[in-house]
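Q: Below is a structure I'd like to ask you about.
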Amino acid sequence: ALRLAVPSETEHITLVDEDISHPDLRVRERQTTAGNDEREFAARRPGQFEVVAEFDLLLSPRADGGHRVELEHLTPDDRARYLRREDEFPKDHPVVQRILQQIPKDSTTDIERLQWLFDYCARDIQSPPGEATTAAATALETGNGTPLARARAFVTLCRAARMPARLVHGFEIRQQQDAEPHVWVEAFRDQQWVPFDPSYGFARYMPMNFVPVRRGGHAIIDASAASNTEQEFRITRLDPPASLLHSQKRHPLEIFNLQRLPVEMHEVMSLLLLLPLGALITAVMRNVVGLRTF
């Protein structure tokens, strides 16, 4: 089976539509323990297959997307999962323990230590052009590594400092024919997952055009059960719908649209338009109901 992670919705990104189909493959929806939405593909017969998965995303500058950041509670099992040692996160390595001893003594709170560890990975680990290591321990020892190595190093240091952390694989939404996944880190603080990006320098937030796809995993596509796989990612800007373009055409009824006026005139016009309604109410109360009015 082959597993594909589905883009996650954020405050600025909404998943509008998806198109995944193949006559020779069974597609099953599943949820992972980390909350990732996946599509699992299983072959009906032996052979080679080409799978095309398309996802339409709506990017909005306003924080009114389909997902709001909510407070979470880590169960003991979840906390242990994001604190454990793994091959990618050798938290018991001597270089990791040596770096932890460099944390200033006046950094008494977890958030101060977390910020110091982030600054260390963002400042003291460089990503030179060309070939570089993806191993966290090697990047910490040599000061050089790929963006994946910097993210792994930060997760390793966080877990060694008893702060739950995990990798996040996703994309930067921009026009690019051959898109490459980007990886950053989420650390669990104050009942929520806080994002950090040692490569681009973003701390406690990610720009609105970054979409997370898989949290807590090792890749966007899990092809461990398949052989001879090739992956290609592409991001394309879609044309706006025709209804949106037609909505800009002039119409006689737009004379009643107060949004055409300057913002400072909106309240004034609203009060003026209430005067006829007030006069009507006064006339009804005086002539129909019979109450004396001023």
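Coordinate-derived values only; no laboratory data. All of these numbers come straight from a predicted model, not from anything done at the bench. All Cβ positions, glycine included, derive from the backbone under ideal geometry; neighbour counts span all protein chains shown.
Q: Quick one: angle between helix 263-283 and the longest Cα principal axis of the chain, in degrees between 0 and 90, rounded to 10, please.
A: Orientation of helix 263-283: about 40 degrees from the principal axis.
Q: Taking the chain as the reference, fit the longest principal axis to its C-alpha atoms, fit the long axis of helix 147-160 to the helix C-alpha atoms, and give the angle between the two in degrees, 0 to 90, nearest 10.
A: Helix 147-160 sits roughly 80 degrees off the main axis of the chain.
Q: Compare Leu71, Leu274, Leu57 in a GNM of the chain, Cα atoms joined below 10 Å, and give the one with the largest fluctuation.
A: Leu274
Q: Could I have the simple spin-label model distance between Ala225 and Val51, label points 7 Å from Cα toward Cβ, reported in nm to one decimal?
A: 1.0
Q: Around Leu74, what is the net charge, scoring Lys/Arg as +1 and Asp/Glu as -1 over all other residues with Cβ under 15 Å from its Cβ?
A: Residues near Leu74 contribute +1 overall.
Q: Can I ask one more? Report the extension gain between Val263 and Glu86 in nm, rounded to one decimal, defined as 0.36 nm multiplied by the number of residues separating them, less their alpha carbon distance. Please report the intermediate quantities before stating the final value.
A: Numbers: separation 177, 0.36 × 177 = 63.72 nm, distance 5.66 nm.
Using 0.36 nm per residue and subtracting the Cα-Cα distance, I get 58.1 nm.
Q: Among Gly143, Gln115, Leu273, flag the residue with its Cα farthest along the positive direction of the charge dipole of the chain, charges on Cβ as +1 for Lys/Arg and -1 for Asp/Glu.
A: Of the listed residues, the answer is Leu273.
Q: Follow-up. Applying a 10 Å radius around every beta-carbon, put 279-292, 196-209, 94-107 in order of their mean neighbour count, most first.
A: Details: 279-292: 10.1, 196-209: 17.4, 94-107: 12.2.
Result, highest mean first: 196-209, 94-107, 279-292.
Q: Long-range amide H contacts for Ser8: which residues qualify at under 5 Å (H placed 1.01 Å from N, peptide plane, sequence gap of 5 or more or a different chain)?
A: So Ser8 has HN proximity to Val213.
Q: Still on this structure: Pick out, in residue order, every one of the GluC sites (Glu not before Pro) in the stretch 124-200 that is DSSP loop and has at most 15 other C-beta atoms within 10 Å; say none if there are none. Walk me through the numbers on the way to the answer.
A: Working: sites: Glu131, Glu141, Glu172, Glu186; in loops: Glu131.
Passing sites in the stretch 124-200 are Glu131.
Q: Now, a different point. Please compute the Kirkwood hydrodynamic radius over the chain, one decimal place, Å, based on all pairs of different Cα atoms.
A: One decimal place: 23.3 Å for the Kirkwood radius.
Q: With only alpha-carbon pairs counted, each pair once and no self-pairs, how large is the Kirkwood hydrodynamic radius of the stretch 29-95 in angstroms?
A: Working: mean 1/r = 0.0580 Å⁻¹.
Evaluated over the stretch 29-95, this radius sits at 17.2 Å.
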